[in-house]
Amino acid sequence: MNIIVCIKQVPGTSKVEVDPVTGVLKRDGIDSKMNPYDLYALETALKLREEKGGKVSVISMGPPQAMAVIKEAYMMGADEGTLISDRKFGGADVLATSYTLSQGVRKMGDADIIICGKQTTDGDTAQVGPEMAEYLGIPHVANVRKIVELREASIVVEMDMPDTVEVAEVQYPCLITVEKNIFEPRLPSYRKKLSTKDREINILSLKDLEDQDEKKYGLNGSPTQVERIFPPEVNNDRETWTGSSEEITHKLIGKLKALKFI
Ligand SMILES: Cc1cc2nc3c(=O)[nH]c(=O)nc-3n(C[C@H](O)[C@H](O)[C@H](O)COP(=O)(O)OP(=O)(O)OC[C@H]3O[C@@H](n4cnc5c(N)ncnc54)[C@H](O)[C@@H]3O)c2cc1C
């Protein structure tokens, strides 16, 4: 079974600045880590490989520093890693990111299952997985919380819906996005760190992809326009009220109504 896991490098801190002119995150020189949700995706892939055999490959799109998350994936047990990296991919919004990743996956060859995290902790849209599946023309299931069964030609999963749990059977090749806690991610192993320290990472740039039309990548391929980026307003105003419980309750209800909370 060939499994591809999408892993993204995200800032390891919430104190990330935004370029006021371009509206793009300033990622240079800040602490980074693997998107926490992608640890669950990788663990799911490793568990499936334990059950059925095969190969787990990881793919990441980002600047060269994103090689760090691929090395971390090697330390957890991934067999192969690909980084899609090119200045021409800079400024990509969700659509362009999904397209670029789908092109990278095509280049990596046939996969039975592509696994993504449910969402990232920076962009947080949860759209990349489903959009990639659309570009690849394969079925997808989002918010998978349990793998029920691996069949010869399909996988049966439980999907976490807002009010219910739905069971779905999807034919390979397919893409799933997994919930946190589907499995407990293993820790990177020191032994694997040593044994994989010279393992190569495949680097793909635009010229390696099937579709080399620059209009589909990076800022050129991004229809999203960031009009304004601003930090959430912080309101530290406080009031102290005195009086009987009844008076304070009335005052509180009046205040909540005035603020349209009730
Ligand atoms: C106008 C605009 C400009 C932007 N410019 C930049 C920029 O210059 N630089 C920049 O870094 N970001 C930029 N972004 C953010 C970038 O578009 C998102 O980081 C990207 O689309 C992924 O979306 P997400 O983080 O919401 O992923 P989600 O949809 O929340 O991620 C779901 C899953 O998809 C997979 N995934 C997502 N992204 C990647 C990835 N890169 N590699 C591998 N797997 C992935 C992971 O498995 C992840 O768990 C920009 C966004 C906008 C709207």
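Six or more apart or on different chains, Cβ atoms under 9 Å: show the pairs whose first residue is in region 217-230 and closer than 12 Å to Thr100 by Cβ and within 7 Å of the ligand (Cβ to nearest atom) and whose second is among the aliphatic types (A, V, I, L, M) and in a helix (DSSP H, G or I).
Here the result reads Ser222/Val94; Ser222/Leu95; Ser222/Ala96, each pair linking region 217-230 to a residue that is among the aliphatic types (A, V, I, L, M) and in a helix (DSSP H, G or I).
Those residues that are surrounded by fewer than 11 Cβ atoms within 10 Å (Cβ to Cβ), assigned to a helix (DSSP H, G or I) and of a type in the set (Gly, Ala, Ser), I need them from region 221-256; list them, please.
Result: Ser245, Gly254.
I'm told Gly218 meets every condition in (1) under 22 Å from Met108 (Cα atoms); (2) exposed (fewer than 15 other Cβ atoms within 10 Å of the Cβ); (3) of a type in the set (Gly, Ala, Ser) except one. Can you identify the failing condition by its number?
(2)
Taking region 59-78 as the region of interest, how many residues are in contact with a helix residue (DSSP H, G or I) (Cβ under 6 Å, 6 or more places away or on another chain) and near the ligand (Cβ under 10 Å from one of its atoms)?
Adding up the residues that qualify gives 3.
Counting residues that are at pLDDT 95 or above and either more than 20 Å from Ser195 (Cα to Cα) or among the aliphatic types (A, V, I, L, M) (or both), which strands (runs of 3 or more DSSP E) fully inside region 1-84 reach at least 3? Break it down stepwise before answering.
Working: elements: 2-6, 9-11, 32-34, 55-61, 80-84.
The strands (runs of 3 or more DSSP E) meeting that bar are 2-6, 55-61.
Does region 98-107 contain at least one residue that is surrounded by fewer than 20 Cβ atoms within 10 Å (Cβ to Cβ) and either free of Cβ contacts under 8 Å to residues at least 40 places away in the same chain or more than 10 Å from the ligand (Cβ to nearest atom) (or both)?
Within region 98-107, one or more residues are surrounded by fewer than 20 Cβ atoms within 10 Å (Cβ to Cβ) and either free of Cβ contacts under 8 Å to residues at least 40 places away in the same chain or more than 10 Å from the ligand (Cβ to nearest atom) (or both).
Kindly provide the set of residues from region 168-204 that are outside any loop (DSSP other than H, G, I, E, B), among the polar types (S, T, N, Q) and within 27 Å of Pro130 (Cβ to Cβ), ordered by number.
In the first step, residues of region 168-204 are kept if they are outside any loop (DSSP other than H, G, I, E, B); the result is 168-171, 174-178, 190-195, 202-204.
Those still in the list that are among the polar types (S, T, N, Q) too: 171, 177, 195, 202.
Gln171, Thr177, Asn202, listed by residue number.
If you scan region 108-139, which residues turn out to be in a helix (DSSP H, G or I), buried (at least 23 other Cβ atoms within 10 Å of the Cβ) and more than 7 Å from the ligand (Cβ to nearest atom)?
Residues satisfying the conditions are Met132, Ala133.
Any idea which residue in region 40-70 is nearest to Ala153 (Cα to Cα), counting only those that are among the charged types (D, E, K, R) and buried (at least 18 other Cβ atoms within 10 Å of the Cβ)? Quick ask: steps written out before the conclusion?
So the first thing to find is which residues in region 40-70 are among the charged types (D, E, K, R), and the list is 43, 47, 49-52, 55.
Still in the running and buried (at least 18 other Cβ atoms within 10 Å of the Cβ): 43, 49.
Values: Glu43: 22, Arg49: 15 Å.
Here the answer is Arg49.
The values are calculated or read from the model by the stated rules, or taken from the named source; none is laboratory data. Predicted, not measured: the structure shown is a model, and the values here were computed from it. No Cβ is skipped: glycine too gets one built from the backbone with ideal geometry, and neighbour counts run over all protein chains shown.
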